Structure formats: structure tokens, C-alpha cells
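Trainee: Okay, here's the structure, questions in a sec.
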Amino acid sequence: MYVYVYKQLRTLLQETDINVFNVMCHNLLSSLLSNHDTIEFGLYFQNYYANNTKAWAYCCRINSGINTNMFIERMHRTLKYIYLGGKVNKCLDKAINVLMKFVRDKLFDKLIVINKGKLTTKIKIIRNRHKVSQKLDCKSVLQTDMGWQVPSCFSHGIYIVEERQPSCSCKLICTDCQVCFHRLHMSGFQYKMEHVQTCSFSLYISERP
């Protein structure tokens, strides 16, 4: 029971469609309050979370973005442990010299990427998802007024896929079908949270006539 409630809460948390979220939240709360084992948690959820969905629901925080300083921290670690050998620098001239070496190496790496090409992790994931989309059964996809109903190949869920932006200049596209994640919208966690990764269901839909 507790595992089931946890999965329902995670699905509710990660839902990005506001209308679907409201229905799911109402159904989940009714289910929690009607069960003797979960009624106490249901009351807690109703008092502290159900009335404050804007603070935690993904559907209310779509445009918030994910702001991190991971790249800055990585650059600082590279300068400190590779170029400075883990030592504290106190001389300004030495720091400038190290920064110039760092920039020189980055420019050299950029030239290598331009000439040889580089398969980034994001592009690799997009290609893998394209392969997954080719294994989906055409008969299992239903076209509706809202778009397409596509069954998940990893669970028993149903995803609603609709076309939002026909044309886009995004560089993170699938080279086989020329589709990026901006073109199609899918109700579910996988599409919005993995923002730069094109969903395999969306790729599958884009290949249909």
C-alpha cells in the first residue's frame, strides 16, 4: 500500500498538465481519505499540500527552470586541482598565467570538436530514444481530438502527445526524423523533466503521417 501511495504521489508531483493534475490530485486525495490505512496521511496531505500546490507541483513550476552552478564548480575544480596542483594561489601573475593556459586549452579542445565532431550525452540519448520509438506497435497508437494516445513501453501508463510548435531552430534534434522536444508536448514526467531529451513517444508520433 505504501509503495503504491508513493508512486501515486511521485506521478502527481511530476505531472505537467494543470488539468490532468487537478483531476489526479482530487482522485488521490479521495482515495487516501477513503482508506483506513492512509486516512491519517490523507488528512496531512490535505492540510499541508493540497491547498499549496503552487509551491511543489511541476505543472505550476514549468517555467521556473533549473538553475545550478555545476559548470562553474567544475571549472573551479579543474583550475584548482589540475592547473594549480591543489595548492592555494596567492600571486596575481600566476593566476593570470593559469587562466590563460586554461583558455588556450579550451580553445584547442573546441578546434578538435569542430574538426572531428563530438557525440554528446544529450545527442546520444536522443538517438537511443529514436531506436526505442521504432519498436512501438503502430496499432497501439490512437489519434484523438487532443492529439495521440501512446502507451508507455516501460509501464502501463498512457501518454497524450500533441503538436505545439511545428517549426523550431533548436540544435538538439533527432538527425533521423528532424524533430526536437519543442515541437511536441507530452503529458508526463519524462518529457518535461528531461527537458533536453527528445521523448521516444514524440519521435514515434512525428514519423506517423
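The values are calculated or read from the model by the stated rules, or taken from the named source; none is laboratory data. For clarity, every value in this text was computed on a predicted model and none was experimentally measured. Cβ placement follows ideal geometry from the backbone for every residue including glycine, while neighbour counts extend to all protein chains displayed. Only protein heavy atoms, including side chains, enter the accessible area calculation; ligands, DNA and RNA are left aside. Shrake-Rupley method; radii C 1.70, N 1.55, O 1.52, S 1.80 Å.
Trainee: Could you compute the FRET efficiency for residue 162 and residue 34, with r as their C-beta to C-beta distance and R0 at 30 Å, rounded to 0.05?
Mentor: 0.35
Trainee: Related question: What FRET efficiency do you get for residue 104 and residue 77 if R0 is 22 Å and r is their Cβ-Cβ distance, rounded to the nearest 0.05?
Mentor: Result of the calculation: an efficiency of 0.75.
Trainee: Rounded to the nearest 10 Å², what accessible area does residue 121 show when all protein chains are kept and the probe is 1.4 Å?
Mentor: Accessible area, nearest 10 Å²: 100 Å².
Trainee: Between residue 54 and residue 128, what FRET efficiency follows from the Cβ-Cβ distance if R0 is 22 Å, with the result rounded to 0.05?
Mentor: Efficiency computed from Cβ-Cβ geometry: 0.05.
Trainee: I need the shape label for the range 1-146. Rule: rounded when a/c is under 1.5, else prolate if a/b > b/c, else oblate, with a, b, c from the alpha carbon gyration tensor.
Mentor: Since a/c reaches 1.5 but b/c is at least a/b, the shape of the range 1-146 is classed as oblate.
Trainee: Counting only the heavy atoms of the protein chains, how much of residue 82 is accessible to a 1.4 Å probe, in Å² to the nearest 10?
Mentor: Using a 1.4 Å probe on the heavy atoms, I get roughly 120 Å².
Trainee: Just how much of residue 11 is accessible, in Å², when a 1.4 Å probe is used and the result is rounded to the nearest 10?
Mentor: So the heavy atoms of residue 11 present about 70 Å² to solvent.
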